[in-house]
Every structure is written in structure tokens, then in C-alpha cells.
Number of protein chains: 2
Amino acid sequence: MSSIAHELAKKQKEISVSEFFEKNKQILGFDSLTRALITSVKEAVDNSLDACEDAGVLPDIIVQVEKIENNEYRVTVEDNGPGIVKKQVPNVFARLLYGSRFHTRAQRRGQQGIGVSAVVMYGQLTTGKATKVKSRISDEDVAYECELILDTKKNRPDIISEDFVIWDKPHGTRFQVHVKGKYITGKQSIFEYLKGVAIVNPHAKITFIPPEGNTIVFERASENVPPPTKEVMPHPEGVELGEMLSMAKYTESLKMTSFLNTEFSRISYRVAREICELAGVPPELRPDKLTLEQAGAILEAIKKVKIMAPETDCLSPIGETLIRKGLKNVLGDVKADFYAPPITREPRVFAGNPFIVEVGIVYGGQLNKEESVQILRFANRVPLMYQQGACAITQGIESVDWRRYGLEQRGGQGIPFGPAIIMVHVASTKIPFTSESKEAIANVPEIREEIELALKACARRLKTHLNKAAKRSKTRVKFEIVQEIIPMIAQKTAKIVGKPVPDLAGTITKIMNVVWVDDEVRFEKGRHHISVKMYNYTPKSQSLHLHMLVPFDKIDQKTLKQQPLEVRDGNKVTWDIKRLSSAATLEHTFQLHGVPQDQYVENEIYVSGIDPASIIGVEVLPGDWDLEHLRITEEKEVETPEEGEEAEVDYDEGKEAISDEE
Amino acid sequence: MSSIAHELAKKQKEISVSEFFEKNKQILGFDSLTRALITSVKEAVDNSLDACEDAGVLPDIIVQVEKIENNEYRVTVEDNGPGIVKKQVPNVFARLLYGSRFHTRAQRRGQQGIGVSAVVMYGQLTTGKATKVKSRISDEDVAYECELILDTKKNRPDIISEDFVIWDKPHGTRFQVHVKGKYITGKQSIFEYLKGVAIVNPHAKITFIPPEGNTIVFERASENVPPPTKEVMPHPEGVELGEMLSMAKYTESLKMTSFLNTEFSRISYRVAREICELAGVPPELRPDKLTLEQAGAILEAIKKVKIMAPETDCLSPIGETLIRKGLKNVLGDVKADFYAPPITREPRVFAGNPFIVEVGIVYGGQLNKEESVQILRFANRVPLMYQQGACAITQGIESVDWRRYGLEQRGGQGIPFGPAIIMVHVASTKIPFTSESKEAIANVPEIREEIELALKACARRLKTHLNKAAKRSKTRVKFEIVQEIIPMIAQKTAKIVGKPVPDLAGTITKIMNVVWVDDEVRFEKGRHHISVKMYNYTPKSQSLHLHMLVPFDKIDQKTLKQQPLEVRDGNKVTWDIKRLSSAATLEHTFQLHGVPQDQYVENEIYVSGIDPASIIGVEVLPGDWDLEHLRITEEKEVETPEEGEEAEVDYDEGKEAISDEE
């Protein structure tokens, strides 16, 4: 028995990080040949985009994939970034766990210091060939070029050859690797990945030269580099006890208050003193003397003190317009019925890292009704292509009861079925990926919760649309029945009894006894054509106020027959509709000009000054044009526990765990 | 611009592997509080089981979870393994990427050298407390005890305190860590995990002391340590070019032939010479002189030469009995209808690593018809609890068209619905997990393909059962209709016309004109009661041969009324049924003794010597009792492209990619 312990001891040894990943290349995204090729492109492109943004350059990236033989491909990615200084080139490209962004709390694509070196390692493992890198920084006359391999036993770069060469590019980096892979087109392809990148990075120009066929250029859609996201200190929410102790041990601050103030975001000196007082820790205490108990008390105090939400300038959400655009791009020629106005949530924090969740949904039209909804996932403006099932985004979608929002879903969980695309973007100073391949976001309770809230908020907008559509179609059916069948009955009866057909207008209005409002938006020749028809199917004449949420300054006044009674805040417009006679119809029309098509997709109409019981097809104005208030109520609804079942979301750890960590 | 390159260069630095994982603890399985607690238990238990098996000891493991305060728990795992020598204790428990099993090609639970040290790191990060380890090896009089933390800046153990103490255990290890977590019961709980472990490791005794409630003991169900799995050399299939070059560079062999023979499994000297010849590489070549081109040629030659399948003694599948037992255990008091005989596939290879896939399916009875099927995943005898969606097992299940096998599934993909549990075990000398948390198997084409083939093979067995059940129920309905309605019509008609009710036996037989065979198995008081009823619903007397697949030596001869005509291979039994008169019924019964209930769940019956058109409820014997042959045909079917649609499984990389890598 003891000899076994000694024998086992002999086998115990250190594993170099590169040996580890060489044997576990699937963790890095090299589990199959197609994925390996996409991963190779992806890591290099992510690096190029980050470099350009660091330097405030509009990215101009060229991606080339060439077939060498059988399964061997050569991938070349060239950018116009700031370039890399000679000394760092080997480390950046051929050393795992080496990088500039790991210790930084800022929204970047790369954060691990693994990506592109992993590609170099995979390339040499599968083809036996070295990687070629060329880089030029703007104050050098020549570019530095070298051939690299990664010495996996030591995790250090091995420079096979190096030289200075002429390169007409003023600055930039060119990366060229041979890898074993498989090139495909269609779903989960390099093309799809680059398209996704182009959509959410409209400031980037991406040129793709595929192994076969024509070069594809994704042109720049915007000339503005997104405002640079700032580095931030950790937000105090969710910082762990051991982390606090370790930070206190290594800080340069000499007092607890200055430590708290300088090493965390959103802690002013006043708040720092308040925290110390509440925790019973002397504000003058040297941080490196902080005991375990005191650190615990500080964390408890942080939970009780009111601390501002995190800064938002460290984050770069995609925004409503790009979400819509993204969805439209994915749809291509397929027409959809309805774009639910996208949701961008307020920033929240997990483990000290601010993050924002955004959701967009598109529905109906030519989208396939018989399939699962399509899910589009993005993290820090990078499309996520693989590992869908492992991702908190997918798990969030699966745990929403979509039946409430008009999609089919067996048992109220799982990916719903129906003609819809759901797009979710998570932006954070640190995306907690489930693995080094960065394809799925881990099921961190705070993030998961935000995803679900954002999904539900957007889903409610979808639901409102579907309800409206359903209501309208019901009303229409009822009208058609009444208007077709009653005259038929009258005719038949008249014929049988041999009498003339009676005038039915009065009968129909008596049966219906409502004012019906039916509206429509058409987009034609760059203009929105808006029509609101009011049918008075009551026995007497009716008056009402018609309220619409519409940008008044965009209404072409020539097309507006009736001037409004009132315009508030530029877009709350009220018309006075007077004496609509019994059985009469009034069509209220106008046109909008200069509004992008997708900025006005549905009329938002309310009425007032009429008995709510006798109006259909439209909602009665709740309060006095207090739509702002309306909105806020809707948002609030999300977070109040009133929504009973929805609050009891079944996370892996249940609701309690989430509040535990807040 | 250039200043940016220099500024970025300043930020470039090395990241220690422990810093990396400290900031990415979700990768290690610490993404939520419940999962963190389970992961802590799991890593320690996996280590204990591996240690016991290394030493050939029957494992006796005690797991205790105590609630300290709020979210803080103390986890203690104690085993009776061989113990760890003093010098190695700190490295084993407080250093990432350090271990004995990483460089070994053998089926083990731990392979990464990360697990338990990650728990130590997570514990200190979240509670600020050190981990306590006690270990005794059998030739020492005392145990070594120490308190450890992991210095994350250096990835080295820090010994806080150490001592030699008296421990009445002759050998073993005790691990105690404080972690932030959340204890739950039910699904995805520590209890469920330990139950899973106990099921597939019947030789282990596991005692669980939960924070509240009674101690639970999973008693040992077998006194045999599973035969130790052997370490093997890589199988030449799927070895990468770069890997081959690197092996050739570092080998001690002086000739290519001896290199190939000693560093790979299944390459004899003869085969090695054949490979060299085919590759045009001199057999006498010094391996370290091997060029890139020559290495490529060697790999091409390996694909062409016939090389034996991998050894199986390096793998330890669960086996049919334990799969059944496992499923039964999961069911608990819930009764199921049918256990499809489990499938254990032949070993295959990915990237030089042998692996085996096993599948079991249980169906019907009290299992919920309205929910998705339940999936049980195991890898190297460890239950996988999280990340179901990321796992090749789940993806395999999702891409099988279960509608063909009697389960509901919208669109023929996704997790099917229906009253079933599907259990899949993958055993390998190296499980390619998607991340360091070891909860999901990566979508490696070779493994994915085997999983699907195993699922389909097992599903076909389910389908056979369901077909039989459906056929029988149809036949029964038809009989009931004929036997109830015809007499009713006769009576009614007789009454109306005022005549006596005629004898209907002749009429019914004329209408039916078949021999109906209906069989049953009941298990009562330790015995199988088997009954085969034959109804002759034809106008004349019939004779036939009745064939059953039944272990003849287990038939209680006292219960067998009619001796068989013939018994082949001990279990192919044929009876001669003579002159069954028209409208007569014959019941053929006997009992089995000494057969475990789940070893005989359904009769396998065939008939011959009768017109196939006039027999229902049973199949006609295909060929002359050539059931072996039947089986082989069934297996073959799986791999032939005849199954059209099934062959076109939509892997991430398509079918082609798979054959590429083979």
C-alpha cells in the first residue's frame, strides 16, 4: 500500500499550460475541423478589431482563407491597427496566457491572453508548420517579420526566422497560419461569422477572400469609431471576501478609506467612511492589517450602503438601431411582420464587473412557423457561433414561458417554436465564458436574471402587437359576419314571406352598438401612409378624442386634413372627432416624411371622451395623455413581485441564490 | 499611432495560470453558488475514487457538508485510499496543472491536474480561509496534516501550518475546505450526484452527512474492485502531424520501425515496416531526422495499412447490468414498462485515444408522457450534472429523429418528448471535455458519431417493443370488435326477424381467418411466468412450430406441459404444435426460475410451418432459427448508407468532416 503512494508520488508532476491545451485543444474551440477553421479566423479578427479600437482607427481588415491540400488551409488576417513592437510580437502570438487585456477591466473582445497563440499552437500541431507574422508600427520605416512556433513544453515562443522587410502599409499587422480544417459555407461558417461581425461593428470594413469564389467586401456603414470604452475599477457589488483581503494586502493606500475610494468604482470618501463606520472598522486602519472578520464586515456594510450603479462609459452596447439593422440583415430577403422595439437594460454588476443586456425580437411574415425560433447571440460585439446549448442566453430563453407572449412552447419551457428571431447581446468589462473557446456565457445568476428580464420586456412588446392583431382580426370577423349574414337572412326571409328586403343599417348598428377604430401604416416611396378609420355602428351620433403617438414635425402638413386640437412634447397629438353620425365612417389620414421605415412600424392610438364600453379596435387613454407614466409602469411591472409566476423563474440556484449574491 | 503601439506593449504581460482561473472561476464550475458547492464535493470525490482504484482498494468515502454561516459551508471528504506522501500534499492540493494522471493514457476520472486545487483556490477566494488536508500512508505511524492556500500570483502552495498527528486510519486522505455555496436538495444536488456515483461505482461505499437531516449511506453493492484499467500508448489513428513530428523528435528509439512499434499501440514490427515502405520512408531512418513531408507520408500510410482496433483493457465500460441497475435506481418507485436491452459499442479511437459508448433506454409505465425525455450522462463513471446543452451526448440525442423510434419530436430534431429515460456513458483514456469544469463532452466527430449509432441501435430495440405492443393492441381491438359486435348484430337481427340466434363460431373464424398468438410474461415470487396463447380463428385445424428464445436450463421442467421438439445453443427452443382445431385455443405455459427479473422482460417468439398470411400477433421465423444472423443484420443496418436520411446526420461539420478525420 505504501509503495503505491510512493509510486504515485513519482508520477506527480507539473503540467505546462501549453501542454495542457495541446492535449485539450477542444477547450480552445478546436473540437472539429470546421470549427477549428472558424476559430482560427475568429481569434485573429477579434485581435485586429481590439487593436484598431485601442488606437481609435477605423478597422480595415482583410481575411483570406486558402486551400493548400486535403484538410490543410492557410489563414491570413491583415489589419491596419497600430502594429506591435518587435519585442512583443513573439510573446503575443506564441505564448499562452500572455496579453494586455487580462488585467484591464474594460469591454474588449479578447480578455484571456490565449486566443491567437492557441491558433499558432493548433496550426503547428496539425500541419507541422510555423506561423508567419508581419507587423509595422508607424514610427518605423520597415516592418518586422518573423516565423514562430510555440514551444509547448515551456510555453515560450521559438523564433524560426526573423527579418525587417519593406511593407507599404504605414502601420498594421499581418498574421498567417497553416491549420488543419474544413471550409464550409452556410450556417456556422466563416462567412456567417464575418457577416455577424460586420453587423454589430458598422465602423469596420471587412474584406473576405474565400478559398473559392469571389471576394466579399462588408463595407463600412459608419465612419465613426465607437467612443472608446473606459477602464474602470471594480464595482464593490459582488466582490468576494478573499478578493477583498487580497486587494487590501497589495494596495498602496495607507488607510481603509483611501483604499476603498481608489480601488473601487462608485465609492466616494464619504461613502467609504460610511462603510467603515457601519462595519465597525477604523477608517484609518492600514488595509494590509485588515482581518478576515473585518473584511467580512466591510462586505456586509457595502450591501447596506447605497452605492451608485456602475458607470456606463466602460460599456459599449449595440443600441436599438443596430439591433434592428442586425435582425434585418439576418432576414435578408425574408419579410417579417413586426420588429419589437429593442430593449437595452440599465447596467448591472456581477463580481464587480458592470454589464448590459440588450434584446431584440422580430416576428411573423415569411419566417418559418414550424421551426424553433432562431437565436442570435453576441458578447462584446462578437457573434457567438457554437455551444448554443451551454449559453446563459439560450438557457434564459428556454426558461421564459413564451406561451404567454404568443409563441408555441411545449410545457412552457425549452426553445419556443414560431416565426421569430431573438437576438441577445451581453456587453461587459468581463464576459464570463464557460470555456477558453469563448462561445458560451456561463450561467452567472446576475447575468441570467438580466437576460430573462430583458427577454420578457421585449416579449411583452411582441405580445402587445399580437394582442392588437388578434383583437383586430376578431373584430373584423364579427363585422364581416354581421354585415354579410344579416343581409342574406333578410333577403332569404323576404323572399319566403314575399315582402321587400328591409333597410338594415339600423338593425346592424343596433346589433353592433360600437364605434370601431381600424388603423393602418403603409410605407411607400419613402413615406409612411397612416390611416385611422372610424365606423360608427351605434344608433346615435358620436364624438371622441383621438390620441396618437407620432412625431408631429414629421407629418406632411399638406396631407393632414384635420388639424389637431393639441400637440404635447412634440409627439403626443390629439384630434377632436366631432359628431360622427350613426352608420357613418370617417377616415383620418396623413403622411410622415423623413422617418426611416423601421422607426415607425405601428400606430400607437388611444381614444377618450367616449364610453369605453362602446369602442373597439383601440385602447382608451389611461389618465390624461400620461404615456410617459404608462411606460414607467410597464417597466416597473417587470421587477415587482406582482407578476407572480414570472418571479419564480427556475434558475439552477433558485431565486434565493441570486439575491444572495447581490 | 506609434506611441499607442508602445503603450500597448507596456501593458503586455504574462498571466499566471492561477490568476487566469481566479478571474475565470466559472470555467472551473464555480458559476453559481449551488454549482460551486457541488463542484467542490465532486472534485474531491473523483480524486478519492481514482486514488482507491490506483491502489486496488474498495473505496470507503465519507462526505460531510456543514453549514457555517449564511453562504459559507465546510466540505469534508475522507477516503481510505493509499494516502499521499508528505512532500506531494501541498502540490496536489494547492497548485493548478499539477498531477499524476495528465501524462497517462488510461481511463481515470481526473486527467487535468486542476480539479481539487481549483476548489482550494475558490474556497480561499470566497471565504478567505485555508484548506486543511490530512493524509497517512501505510508505512508511516502518523498522519501528515497541513493548512494550505494557493498563492495565485505564483501558482504555488503556501503552507500556513503543518504537523504530524495521530490518525487511527491505517491509510487515507481527508480534505476539508470552506467555500461559499448554497446547499439544495432535489435535482442537480449533491445527493443526486453521489447517488449517480454509487450507481456506476457499485464497489464504492459512500457515506453522506448532509447539513441537515440524517446521514445517508450508499452501501457497496459489489465486493470486487473493477479490474484496473491499463495505460496504453496512443493508437495511431487520428494522431496529428505536428504530434507525430514532436514524438519522433523526443523518442529514444533509433530507427523508425522501433519508434512506431514502441510509441504506438497496435503497431507490430511487421506493420511498422509496412508503413515505412508505403510511405517511402527508410525503416532504418533515425526518427529525429524525420521531415515534415515524411511525417505526412507516414500518417497517410497509417490510414491505408490495416491496424487492429484498440485494446479494450484500458477501458472500463459500465456494462449492461449496471446500466439497467442505474436506470432502475433513477426510477425509484416509478414503474416503467420496458427496459430496452442496453448497447455497448465496440471501442473506437479519436486522436489516438480509445473510447467506448454505452446506451440504455427505459420506457413507458408511470414515466411522464408530457415532458421531455430525461437524459442521464456519464463520463468515465462520473455523472455529469451541468452543461447538458453543451454536451455531445445531448447533441447526439437531439439530432436523432426519434419519431422513427416511437417518441414525439417536433420537426425530427431536438430533445424528444415522451415517457423515457436515456442514459449514455462514454469511457475513454481521455474524455475531451468542453471546459475544465468537466461537465460536458466536446462535439468531437468520432465520439459524436458513436453516440448517435449507439442511440439508434438502442432506439431500434425500443421501436421493436413499441411495434409489437401496437400490433398486439390492434389485433386485440379487432378481436374484441368482432367477438362483441357480431353476436350483438346476430341477436338484434334474430329478434327483429323472430328467429333463433345462430351459432357464430364458424362466422367469426371465417371473418378473422387467422391464428392469433398472444403472449405474456409475469414476474411473481422470484419466478417468470410465461404464457403463449394460440387461438385458431380459421375454419380448419392448424399445425405450426413455435420458436422461443429462452434459457432452457432455467425452465422449471415441472411447469412445462409439452416437451420441445428441439433445443439449440441452450436457448433456441422449438415446440411442435399439432392439430389445433378450428375455433380452439391452446395455452402453452411454463416458468423460469433463477433468472433475475430484468434479464428476461419480453418473450422473443417466432413461428414456422404455417402460412404467414394466416398468423398474427407474432413474427414468422426468418430462415432456419438463424437468429444470430438476424442480429448481425440488424447491427449492420446501422452502418450501411441504406438508412438514407439517418446517414445524413447534421453534425456541426457534416458527415464528410467525420470521414476526413478517420
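Note on segment A:367-432: enclosed strands (runs of 3 or more DSSP E) holding 3 or more residues that are surrounded by fewer than 23 Cβ atoms within 10 Å (Cβ to Cβ) and not aromatic (Phe, Trp, Tyr) are A:374-379.
Kindly evaluate residue A:57 against the criterion of being under 30 Å from residue A:314 (Cβ atoms) and aliphatic (A, V, I, L, M). Spelling it out, residue A:57 is indeed under 30 Å from residue A:314 (Cβ atoms) and aliphatic (A, V, I, L, M). Might you check whether a residue that is at pLDDT 90 or above and away from every other protein chain (no Cβ under 11 Å) occurs anywhere in segment B:429-440? The answer is yes, given that some residue of segment B:429-440 is at pLDDT 90 or above and away from every other protein chain (no Cβ under 11 Å).
Taking the stated definitions as given, is residue A:358 surrounded by 17 or more Cβ atoms within 10 Å (Cβ to Cβ), at pLDDT 90 or above and not hydrophobic (A, V, I, L, M, F, W, C)? Yes.
For a quick check of your reading of the model, give me the residue pairs whose first member lies in segment A:112-128 and is more than 9 Å from every other protein chain (Cβ to nearest Cβ) and within 9 Å of residue A:95 (Cα to Cα), whose second is surrounded by fewer than 24 Cβ atoms within 10 Å (Cβ to Cβ) and of a type in the set (Asp, Glu), with beta-carbon atoms closer than 6 Å and at least 6 apart or on different chains. As it stands, the answer is none, since no pair meets every condition given.
Residue-level analysis places residue B:358 among those that are in a strand (DSSP E or B) and charged (D, E, K, R). Only one entry in B:237, B:284 is touching an Asp or Glu at 6+ places or on another chain (Cβ under 8 Å) and farther than 18 Å from residue B:330 by Cα, namely B:237.
The single condition from (1) buried (at least 16 other Cβ atoms within 10 Å of the Cβ); (2) modelled with pLDDT under 85; (3) within 33 Å of the chain's Cα centre (by Cα) that residue A:471 fails is (1).
Residue B:572 passes every criterion in (1) surrounded by 14 or more Cβ atoms within 10 Å (Cβ to Cβ); (2) on the phi > 0 side of the Ramachandran plot; (3) of a type outside the set (Phe, Trp, Tyr) apart from (2).
A quick yes/no check of all residues on (1) assigned to a helix (DSSP H, G or I); (2) free of Cβ contacts under 8 Å to residues at least 24 places away in the same chain; (3) out of contact with any helix residue (DSSP H, G or I) (no Cβ under 6 Å at 6 or more places or on another chain):
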{"residue": "B:509", "(1), (2), (3)": "yes, no, yes"}
{"residue": "B:521", "(1), (2), (3)": "no, no, yes"}
{"residue": "B:536", "(1), (2), (3)": "no, no, yes"}
{"residue": "B:547", "(1), (2), (3)": "no, no, yes"}
{"residue": "B:563", "(1), (2), (3)": "no, yes, yes"}
{"residue": "B:592", "(1), (2), (3)": "no, no, no"}
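When each of A:87, A:67 is tested for being facing another protein chain (nearest Cβ under 9 Å) and surrounded by fewer than 19 Cβ atoms within 10 Å (Cβ to Cβ), the lone residue that passes is A:87. Consider segment A:522-533 and keep the residues that are surrounded by 15 or more Cβ atoms within 10 Å (Cβ to Cβ) and under 30 Å from the mean Cα position of the chain (by Cα). The one that is farthest from residue A:558 (Cα to Cα) is A:523. Within the bounds of segment A:645-658, is there any residue that is surrounded by fewer than 14 Cβ atoms within 10 Å (Cβ to Cβ), over 30 Å from residue B:386 (Cβ atoms) and either within 25 Å of the chain's Cα centre (by Cα) or modelled with pLDDT of 80 or more (or both)? No: zero hits. Scan segment B:70-84 for residues that are over 26 Å from residue B:440 (Cα atoms), surrounded by fewer than 23 Cβ atoms within 10 Å (Cβ to Cβ) and either more than 9 Å from chain A (Cβ to nearest Cβ) or among the acidic types (Asp, Glu) (or both) and the total you get is 4.
The helices (runs of 4 or more DSSP H) found wholly in segment A:245-305 and carrying at least 2 residues that are among the acidic types (Asp, Glu) and closer than 25 Å to residue B:149 by Cα occupy A:292-304.
Of the residues making up segment A:55-87, those that are free of Cβ contacts under 8 Å to residues at least 60 places away in the same chain and either basic (Lys, Arg) or touching a Ser or Thr at 6+ places or on another chain (Cβ under 9 Å) (or both) number 3.
Is segment A:92-108 home to any residue that is at pLDDT 90 or above, more than 9 Å from chain B (Cβ to nearest Cβ) and not in a loop (DSSP other than H, G, I, E, B)? Yes, segment A:92-108 contains at least one residue that is at pLDDT 90 or above, more than 9 Å from chain B (Cβ to nearest Cβ) and not in a loop (DSSP other than H, G, I, E, B). The number of residues in segment B:326-345 that are in a loop (DSSP other than H, G, I, E, B) and out of contact with any helix residue (DSSP H, G or I) (no Cβ under 9 Å at 6 or more places or on another chain) comes to 4. Is it true that residue B:172 is closer than 17 Å to residue B:36 by Cα and within 13 Å of another protein chain (Cβ to nearest Cβ)? No.
Listed by position, the helices (runs of 4 or more DSSP H) contained in segment A:1-58 that have at least 3 residues being more than 9 Å from chain B (Cβ to nearest Cβ) are A:33-55.
None of A:239, A:217, A:225 is over 27 Å from residue B:24 (Cβ atoms) and touching a helix residue (DSSP H, G or I) at 6+ places or on another chain (Cβ under 8 Å) except A:225.
The values are calculated or read from the model by the stated rules, or taken from the named source; none is laboratory data. Note that the structure is a prediction, hence the values are computed from the model and not measured. Here the Cβ is made from the backbone with ideal geometry for all residues, glycine too, and neighbour counts use every protein chain on show.
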